[in-house]
Amino acid sequence: MSEIETLFGALRQSADDAVVAMLERMVREAPDHALSRMNALELAGSAGLGEEQVIGGLLHAVGLGILEMTWSVVCPSCAGVLSANKSLKTVNSTHYHCAFCSLVSETTLDNLVEVTFTVSPRVRKIAAHDAGTLPFAEYHRQMFFSSAIDLPADIDGLLREVTLETVDLPPGERAILSLQVPAGMLIVFDPVTHTAQCLNVRGEEMAERQNLSLIFNKAADVPVEAVSMRPGPLRLALENRTDERVLPAVWVANERLDHLLMRRKPSLTAKRLLTNQTFRDLYRTDALAIGQRLKILSLTFLFSDLKNSTGLYEHVGDLVAFDLVNEHFRMLQEIIASERGAVVKTIGDAVMATFETPDRAISAAIKMREAMSELGAQRQQQDLLLKMGIHEGSCLAVTLNGQQDYFGQTVNIASRVQGLAASRSIVVTEQVVDHIEARSLLEKNGLRPTRRSVALSGIADKVSVYEIP
């Protein structure tokens, strides 16, 4: 049996069979570019599989060494990869600068960091494993552009339409380009060093040659002022002072380029992956470095607690109560995962979970309430009830007590809101019910939340909360 067969045999023990079959087929038959920085959501859509199934399978494949995972900081404007990281631990800057767009963006996990997967060289060697050999168009497809941009199959033809000139410049070498520059905005850009120089070409055409020099090095990238020049002949001197080849090109900033950069498709964000139960099970102690803090603009927290759990132990005894509580944890984790959420931790008989959006949290809470009622009826424990609270807002992803956790006022409010819940009630904040999909879900289920204004410990102003009956 070959190593590949052994690895995929092991993967079948933990991942969905259909996902394993898809990955094995891709490794054997797919072109190289299809195995570089794979988009999990696109794979799921093209194969007709569930997104969570595919994400889980890819994560298990990473654990076995079949795939490698990349955390890419992505420019929100051009979808270019600003920083490719093998671990979230090395995403350690508060802001990233895109030279191509002259844009500085705050680092958030909502949509600035995406996660992709590449086949491991131990399984199959592909061109992207030696990026220095990729031709101009393929370097942009496989290395520079993120998986969120919807590139056409004929990327060579498309890039030719938006570039005046390109050059493959080896380490330490120089090159001189002679070209006619048209009126408009041009960008001299190298995707390897992320060096850019904008040219604002306007005015009457001139016959005299203009000169411009550009040096590529590893210096920290900072915004560079645009250079003004006239249409006409240009002598562009380029020098590569790095230890790897660079791929500078003169781009034409026109409608065709704008159209290319606006072609987007869904991709797996870091925020979504952190709320994936399989990821938490595999990486809960190794996601972030100690002291690292990464911002999330919007995350939904659900806290639940068993009503009168102390009385339960007194009423049915330790063994029966322990079995009931464990079954309750199992059911809750299963429901939370089914709504694309993840259990962050348990505290006594309480659960803290996260979801991408409020509607997912509400859907999970409704299912959890029903499941607990059924469990109570089966075990003849009618008082086996959950108290739940939900809140949405910004937070920090951190490491606390040796595992990936969250910190901030949003977490505090969610916890305190749960404390307001009576038996079987779900208490949510105004931010949750104002979410359009959450509101639609409540209406669909015929649930009409009752509003009240409350004071929460540690919160200066009163908070509007809604009780879902």
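No lab work stands behind these numbers, since they all come straight from the coordinates. The model shown is predicted, which means the values in this text are computed figures rather than measured ones. We place every Cβ from the backbone using ideal geometry, glycine too, and count neighbours over all the protein chains shown.
The table below lists the values:
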{"quantity": "Paramagnetic reach from Ser14 (point 7 Å along Cα→Cβ, amide N under 18 Å) across segment 110-150", "calculated": "116-123"}
{"quantity": "Cα-based shape type of segment 3-145, given that a ≥ b ≥ c are square roots of the gyration tensor eigenvalues and the cut on a/c is 1.5", "calculated": "prolate"}
{"quantity": "Amide H contacts under 5 Å for Asp16, placed H, 5+ residues apart", "calculated": "Gly57"}
{"quantity": "Residue order, fewest to most beta carbons within 10 Å, for His140, His259, His33", "calculated": "His259, His33, His140"}
{"quantity": "Met38 long-range amide H proximity, modeled H, under 5 Å", "calculated": "Phe117, Thr118"}
{"quantity": "Positive-end residue of Ala30, Gln53, His97, charge dipole of segment 3-145 with Cβ unit charges", "calculated": "His97"}
{"quantity": "Förster radius 45 Å - calculated FRET efficiency between Met206 and Ala350 (Cβ-Cβ, nearest 0.05)", "calculated": "0.05"}
{"quantity": "For segment 114-232: rounded, prolate or oblate by the Cα gyration tensor [a/c cutoff 1.5]", "calculated": "prolate"}
{"quantity": "Long-range amide H partners of Val192 with built H, under 5 Å", "calculated": "Leu247"}
{"quantity": "Set of aspartates and glutamates near Lys462 by C-alpha distance (under 17 Å), chain-local residues within fewer than 8 positions excluded", "calculated": "Glu392, Glu430"}
{"quantity": "Net +/- balance of residues flanking Pro358 in space, Cβ distance below 13 Å, scoring K and R +1, D and E -1", "calculated": "-4"}
{"quantity": "On Cα atoms only, tilt of 409-418 relative to the major axis of the chain in degrees", "calculated": "20"}
{"quantity": "Two-decimal log10 I(q)/I(0) for the chain, as the Debye equation yields it once each C-alpha is a single scatterer, q = 0.10 Å⁻¹", "calculated": "-0.84"}
{"quantity": "Using θ = phi - 60° and Karplus 6.51 cos²θ - 1.76 cosθ + 1.60, couplings along segment 452-459 (whole Hz; Gly, Pro as x)", "calculated": "8, 9, 10, 9, 10, 4, x, 10"}
{"quantity": "Most positive-pole-ward Cα, Leu199, Leu396, Ala153, against dipole of the chain from beta carbon charges", "calculated": "Leu396"}
{"quantity": "Charge dipole magnitude, Cβ of K and R +1, D and E -1 - the chain, Cα centre, debye nearest 20", "calculated": "680"}
{"quantity": "Cα centre as origin, Lys/Arg/Asp/Glu Cβ charges: segment 282-468 dipole, Debye", "calculated": "380"}
{"quantity": "10 Å-binned pair-distance histogram of segment 163-253 (Cα, whole percent)", "calculated": "17, 52, 26, 5, 0"}
{"quantity": "Relative exposure of Lys89, Lys125, judged by other C-beta atoms within 10 Å (fewest first)", "calculated": "Lys125, Lys89"}
{"quantity": "Sum of side-chain charges, Gly48 neighbourhood, beta-carbon under 13 Å (Lys, Arg +1; Asp, Glu -1)", "calculated": "-3"}
{"quantity": "For peptides 247-253, 47-53, sequence by mean Cβ density within 10 Å, most packed first", "calculated": "247-253, 47-53"}
{"quantity": "Folded to 0 to 90 degrees: helix 51-63 orientation relative to the chain principal axis, Cα", "calculated": "70"}
{"quantity": "Cα shape, segment 282-468, gyration tensor, a/c 1.5 rule", "calculated": "oblate"}
{"quantity": "Charge dipole magnitude, Cβ of K and R +1, D and E -1 - segment 3-145, Cα centre, debye nearest 20", "calculated": "360"}
{"quantity": "Ordering of 367-375, 400-408 by packing [mean C-beta count within 10 Å, highest first]", "calculated": "367-375, 400-408"}
